[in-house]
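The values are calculated or read from the model by the stated rules, or taken from the named source; none is laboratory data. Nothing here was measured: the structure is a model prediction, and the numbers come from that model. Every residue, glycine among them, receives a Cβ derived from its backbone with ideal geometry; neighbour counts consider all protein chains shown. For the accessible areas, the whole protein counts, side chains as well, though only heavy atoms, and no ligand, DNA or RNA atoms are used. Shrake-Rupley method; radii C 1.70, N 1.55, O 1.52, S 1.80 Å.
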Amino acid sequence: MKIGIIGLGSMGQMLVNAFCKSGAVLPKDLIIYNRSREKAKKLQKPYSLEIASSAQEVCERSELLFVCTKPLDILPLLRELTIPEPVHVVSVAAGVRIEDLEAVHTGAVSKVIPTVTSQELRGVSLYTCSSRLSSAQKQQLVALLSSIGVAEGIGEQEIETATILTSSAPGLLAGIMESFAQAAVRKTPGLSIDSAREMLVETMLGTAKLLQAEQLGFDQLIERVATKGGITEEGLRVLDQRLPDGFDELFDMTESKHAMLKEMVKKQL
């Protein structure tokens, strides 16, 4: 199967690296295009990928086409192109709905929300598909996403909230850990910021592996660590006073931003 990727921003580059690293896609089966040819050339070096001369060429030669441009660029780009009906078009842009994609392509369309951690073959790729997909097309997409992490099928009503837990989470968790490290250094200036960061990274890795290896819920791990009247229990009480409101505000903001983006995309139809 020939896989095309148009747009080599952070997500487009991640997909190329992840697909090749997983071995699920041979470099000879990938064809890529980016308006700035330099980005394509950087990816061509390690993998000997084929660079298309135009986005139209990618459309004509792909069976599965990932469009990795900015949300407001998706529909104008797809309108400019002549896409053969058998091509399965996949958008990775937030705010672009399945019905928006169906309005500009007569064939099968899907929406995928990847995560940068898939470059390490871990993390969750969310996907939702149109009714136009054949069972074979859906199986191909799920198998491909499963090769670079966990593929999670989800409805469009839930995908925006889930995006915060998957695609946005690496950046959000990094921000939380940076605040954690900075607070430690403010409290104890003799502790270097680099040491604090290294401790937290190793602790996050160990925590994730423990949760997964022993099939623990978050509450079960808390019970194991937080002894009655101990430091961890008191620390959790402090966090419980502050974090819930912050996370509620985060999801409210996300809902507002998605609504605004979807309205802007809708105006392009």
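Name the pairs whose Cβ atoms lie under 6 Å apart, with the first residue in the range 212-231 and part of a loop (DSSP other than H, G, I, E, B), the second open to solvent by less than 90 Å² (accessible area, probe 1.4 Å) and among the charged types (D, E, K, R), and 6 or more positions between them or separate chains?
Here the result reads A226/E233, each pair linking the range 212-231 to a residue that is open to solvent by less than 90 Å² (accessible area, probe 1.4 Å) and among the charged types (D, E, K, R).
Does any residue in the range 250-261 that is in contact (Cβ under 8 Å) with a residue 12 or more places away in the chain come within less than 9 Å, Cβ to Cβ, of a residue that is open to solvent by 70 Å² or more (accessible area, probe 1.4 Å) six or more places away or on a different chain, and which pairs are these?
As it stands, the answer is F251/T161; T254/T161; E255/T161, since those pairs meet every condition given.
Return the pairs, sorted by first residue and then second, in which the second residue is aliphatic (A, V, I, L, M) and open to solvent by less than 90 Å² (accessible area, probe 1.4 Å), the first residue lies in the range 46-63 and is free of Cβ contacts under 8 Å to residues at least 24 places away in the same chain, the beta carbons are less than 9 Å apart, and the residues are 6+ apart or on different chains.
E50/L30; E50/I31; E50/I32; I51/I31; I51/I32; I51/A40; I51/L43
What is the residue count in the range 81-102 for residues that are assigned to a strand (DSSP E or B), more than 15 Å from the chain's Cα centre (by Cα) and not aliphatic (A, V, I, L, M)?
1
Give me the pairs, please: first residue somewhere in the range 162-186 and under 19 Å from V124 (Cβ atoms), second residue anywhere and surrounded by 13 or more Cβ atoms within 10 Å (Cβ to Cβ) and at pLDDT below 95, beta-carbon distance under 6 Å, and either six or more positions apart or on two chains.
I164/T254
Can you tell me which residues in the range 18-45 are in a loop (DSSP other than H, G, I, E, B) and either open to solvent by 90 Å² or more (accessible area, probe 1.4 Å) or within 24 Å of R122 (Cα to Cα) (or both)?
G23, A24, V25, L26, R35
Could you grab me the full set of residues in the range 56-80 that are in a helix (DSSP H, G or I) and not acidic (D, E)?
Q56, V58, C59, R61, P71, L72, I74, L75, P76, L77, L78, R79
Out of (1) within 26 Å of the chain's Cα centre (by Cα); (2) of a type in the set (A, V, I, L, M); (3) surrounded by 10 or more Cβ atoms within 10 Å (Cβ to Cβ), the odd one out for A213 is which?
(3)
What about T128, is it in contact with a helix residue (DSSP H, G or I) (Cβ under 7 Å, 6 or more places away or on another chain), open to solvent by less than 20 Å² (accessible area, probe 1.4 Å) and not small (G, A, S)?
Criteria met by T128.
Name the single residue, out of those in the range 256-269 being in a helix (DSSP H, G or I) and surrounded by 13 or more Cβ atoms within 10 Å (Cβ to Cβ), that is farthest from the chain's Cα centre (by Cα).
K266
Checking the conditions here, which among I164, I193, I176 is under 30 Å from S130 (Cα atoms) and either open to solvent by 40 Å² or more (accessible area, probe 1.4 Å) or not acidic (D, E) (or both)?
I164
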